[in-house]
Amino acid sequence: MAAEPTVIPGIVRNGVVVPQSETPLPDGARVGIVLEPAQLTPQLQAELAQWEAASDEAWSMIDRWEQP
């Protein structure tokens, strides 16, 4: 019977993952690293929305051009 995984938050410093917890990790422990989604600023979110809208408009134009 497998034990549930333990999640220990960490941060990368100089290319090395540094745990942000007091939980001791034994030598030889196998770990996995999961990158959390980046936090986007409101300005970047707005810019991405504009690019998405422009992409939708471009596809719409292509669809119209392909009409017989």
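Please treat every number below as a calculation from the coordinates, not as lab data. This structure is a prediction, so every number in the text was calculated from the model and none was measured. Reconstructed Cβ throughout: ideal geometry from the backbone, glycine too, with neighbour counts over all protein chains shown.
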Practice prompt. Please verify whether region 30-43 includes one or more residues that are among the basic types (Lys, Arg) and either outside any strand (DSSP E or B) or in contact with a helix residue (DSSP H, G or I) (Cβ under 7 Å, 6 or more places away or on another chain) (or both).
Written response: yes
Discussion item. Every residue in region 1-43 that is of a type in the set (Gly, Ala, Ser) and surrounded by 10 or more Cβ atoms within 10 Å (Cβ to Cβ), please.
Written reply: 10, 21
Discussion item. Going through 46, 58 one at a time, which residue ends up being without any contact (Cβ under 8 Å) to a residue 24 or more places away in the chain, surrounded by 10 or more Cβ atoms within 10 Å (Cβ to Cβ) and within 19 Å of the chain's Cα centre (by Cα)?
Written reply: 46
